[in-house]
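See below for the structure under consideration.
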Amino acid sequence: MKKHIAIDLGASNGRVIVGDLQECTVVHRFVTQNEVILGELHWNLIGLFAEIKLGLKKAFSLYGDKIGSIGIDTWGVDYGLFDSNGSLVSLCYHYRDARTDGLIDIVSERLGGKERVFAETGIAFQPFNTLYQLAAMQRDRNEVFKVAKHYLSVPDLLAYWLTGVMKNERTHASTTQLYNPFTKTWAWDLIDEMQFPRELFGEIVDSGTVLGPLVESVRYELKAGKEVMVIASAAHDTASAVSAVPVVEGEVPLYISSGTWSLLGVELEKPIVSKQALENGFTNEIASNGKVRFLKNIMGMWIQQECVRHWENQGETISWKELDEQTLLCQAYSGFIDPTDNRFLKPNGYGNLMVDRIDTWCEEHDMQKPSSKGEYMVAIYRGLAKAYAISVKQLVEITGLPVTSLYIIGGGCKNTILDQWTATETGLQVYAGPVEATALGNIVVQMLAVGELDSLSAGRKALRVEQKVKCFHP
């Protein structure tokens with residue numbers, strides 16, 4: 001059986017991982033660099049591609065002809081625009097860039113209201129959705145926008161640079177708020193009313209579609225074999241992670257994909273676009289198996305990460321072990337935040353630090369401000385656990401599903417404090433793991449594509465056996 005390469009790009013770091021369902025090895029890790037240029041926040045795509053190729057070189061050097069395929073997953077909503085010659089026409093904006101501020105209401109009014117947009121796309125209203133990013137491009141960079149002939153999400157774009165093949169993978173397309181989960185194609189009515197050119201939006205392909213081999217120049221550079229295929233895996237990282245939820249056959253797979261964001265949800269056969277789903281902020285994205293990931297976006301470890309970055313910028317050395325110890329010592333502190341508040345979305349800025357926003361939140365809600373690093377962590381973790389509990393209750397009310405357990409997957413599941421507090425707040429038995437869920441799910445989809453697995457459930461069953469999963473009781 002071959003090994004497979006998962007290129008997994010998160011909002012903080014990227015990894016090139018080689019493995020199968022038994023074992024994964026990170027052969028290269030790098031920062032997913034972004035830069036502020038004249039007040040605008042952009043991803044350094046060329047730098048990311050260079051890091052990916054460096055990781056692939058290491059992978060082929062170590063494993064050679066044992067490698068059968070490559071799959072790419074990244075965060076959602078971000079994209080590149082290409083001209084008729086296949087060249088980028090602009091820098092790639094970061095979803096946290098401020099240019100979309102205020103556009104939700106403007107665009108919604110233009111399209112007949114939020115209820116209409118939600119009914120057609122099933123996507124919750126977030127300022128970073130691709131719909132608003134393209135509206136901002138149309139407004140602010142219209143001459144550039146008119147030159148564009150092809151829209152490619154970030155993972156589609158990277159796959160294009162590896163293969164020369166332009167396709168739009170379905171799970172990622174479903175995050176744009178320009179995809180219709182009922183017709184299973186682009187939301188053409190909305191696209192037309194926004195006066196976005198139809199030609200921008202190309203063929204949508206399912207997760208597991210074989211795109212083709214590496215282009216000859218890249219294959220030569222990487223010293224890769226001709227037989228290695230690039231596969232449109234579950235290109236949205238959450239879709240990949242959910243593919244690796246190690247559920248028991250027949251169990252309702254309630255999950256939290258925990259990382260920079262916390263994505264809490266469940267797999268359904270059909271979208272839910274009810275008024276209650278809209279008002280509670282739930283979204284309908286597509287899973288790797290074609291089902292619907294009915295979920296809610298909750299701010300995750302981003303808030304913690306920004307606090308730590310600030311302290312490190314002050315010259316302090318932060319030990320995660322010591323930070324956990326301080327957190328446990330500060331459990332008596334009663335303050336907490338609401339991580340769904342959009343004030344916590346932006347990165348640290350001059351005069352606008354994450355720790356200051358936490359202070360302000362606590363003061364506004366008659367809570368004592370944190371006075372130590374441990375208390376800041378308590379405020380964040382307790383706030384996350386409470387937000388999870390509220391969202392679980394809402395999900396159960398909307399879907400009517402019986403829920404008895406919760407799977408926390410991804411890097412955030414290593415935080416055993418939050419795992420336990422989540423079990424206590426939700427009243428559910430919590431299973432934590434696998435840590436490398438995104439890469440493993442990416443690999444599961446690749447194995448399905450090449451015939452090494454006959455079903456997603458078989459892959460999940462194997463992961464339950466092979467991967468370490470911890471259990472936390474309320």
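The values are calculated or read from the model by the stated rules, or taken from the named source; none is laboratory data. Everything quoted here is computed from the prediction, not taken from an experiment. Cβ: placed from backbone, ideal geometry, glycine included. Neighbour counts: every protein chain shown.
Just one of the listed residues (Ser257, Ser240) is touching a strand residue (DSSP E or B) at 6+ places or on another chain (Cβ under 7 Å), assigned to a helix (DSSP H, G or I) and crowded, with 23+ Cβ neighbours inside 10 Å, and it is Ser240. For Thr422, indicate whether it is crowded, with 22+ Cβ neighbours inside 10 Å and farther than 15 Å from Ala239 by Cα. For Thr422, the condition - crowded, with 22+ Cβ neighbours inside 10 Å and farther than 15 Å from Ala239 by Cα - is met. Being closer than 24 Å to Leu456 by Cα and surrounded by fewer than 17 Cβ atoms within 10 Å (Cβ to Cβ), is that true of even one residue in the stretch 151-169? No: zero hits. Taking the stretch 78-93 on its own, how many of its residues are under 14 Å from Asn129 (Cβ atoms) and not in a strand (DSSP E or B)? Adding up the residues that qualify gives 1.
Of all residues in the stretch 259-281, those satisfying the criterion of being over 28 Å from Ile380 (Cβ atoms) and of a type in the set (A, V, I, L, M) are Leu268, Ile272, Val273. Listed conditions (1) under 30 Å from Ile231 (Cβ atoms); (2) part of a loop (DSSP other than H, G, I, E, B) are all met by Gly64, apart from (2). Under the condition of being closer than 13 Å to Ala234 by Cα and crowded, with 23+ Cβ neighbours inside 10 Å, the residues counted in the stretch 288-297 number 2. I'd like the full set of residues that are touching an Asp or Glu at 6+ places or on another chain (Cβ under 8 Å), surrounded by 15 or more Cβ atoms within 10 Å (Cβ to Cβ) and farther than 26 Å from Tyr255 by Cα, limited to the stretch 185-224. Matches in the stretch 185-224: Ala187, Leu190, Ile204, Pro213.
Quick grid of which residues meet (1) at pLDDT below 95; (2) on the phi > 0 side of the Ramachandran plot; (3) touching a Gly at 6+ places or on another chain (Cβ under 7 Å):
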{"residue": "Tyr93", "(1), (2), (3)": "no, no, no"}
{"residue": "Asp101", "(1), (2), (3)": "no, no, no"}
{"residue": "Gly113", "(1), (2), (3)": "no, yes, no"}
{"residue": "Ala119", "(1), (2), (3)": "no, no, no"}
{"residue": "Ile123", "(1), (2), (3)": "no, no, no"}
{"residue": "Phe128", "(1), (2), (3)": "no, no, no"}
{"residue": "Arg141", "(1), (2), (3)": "no, no, no"}
{"residue": "Thr175", "(1), (2), (3)": "no, no, yes"}
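Within the stretch 72-120, restricting attention to residues that are of a type in the set (Asp, Glu) and under 18 Å from Ala187 (Cα atoms), which residue is surrounded by the fewest Cβ atoms within 10 Å (Cβ to Cβ)? Among residues in the stretch 72-120 that are of a type in the set (Asp, Glu) and under 18 Å from Ala187 (Cα atoms), the one surrounded by the fewest Cβ atoms within 10 Å (Cβ to Cβ) is Glu109.
If you scan the stretch 113-143, which residues turn out to be aliphatic (A, V, I, L, M), out of contact with any helix residue (DSSP H, G or I) (no Cβ under 7 Å at 6 or more places or on another chain) and assigned to a helix (DSSP H, G or I)? Steps first, answer last, please.
Step one: list which residues in the stretch 113-143 are aliphatic (A, V, I, L, M), which gives 117, 119, 123-124, 131, 134-137.
Right, trim to out of contact with any helix residue (DSSP H, G or I) (no Cβ under 7 Å at 6 or more places or on another chain) and you get 119, 123-124, 134.
Result: Ala119, Leu134.
Each residue in the stretch 267-287 was checked for being within 19 Å of Val247 (Cβ to Cβ), out of contact with any Lys or Arg (no Cβ under 6 Å at 6 or more places or on another chain) and either buried (at least 24 other Cβ atoms within 10 Å of the Cβ) or of a type in the set (S, T, N, Q) (or both), and 0 pass. What is the residue count in the stretch 433-454 for residues that are of a type in the set (Gly, Ala, Ser) and closer than 12 Å to Ala244 by Cα? Count: 4.
Scanning the stretch 355-404 for residues being free of Cβ contacts under 8 Å to residues at least 24 places away in the same chain and within 21 Å of Tyr431 (Cβ to Cβ) gives a total of 3.
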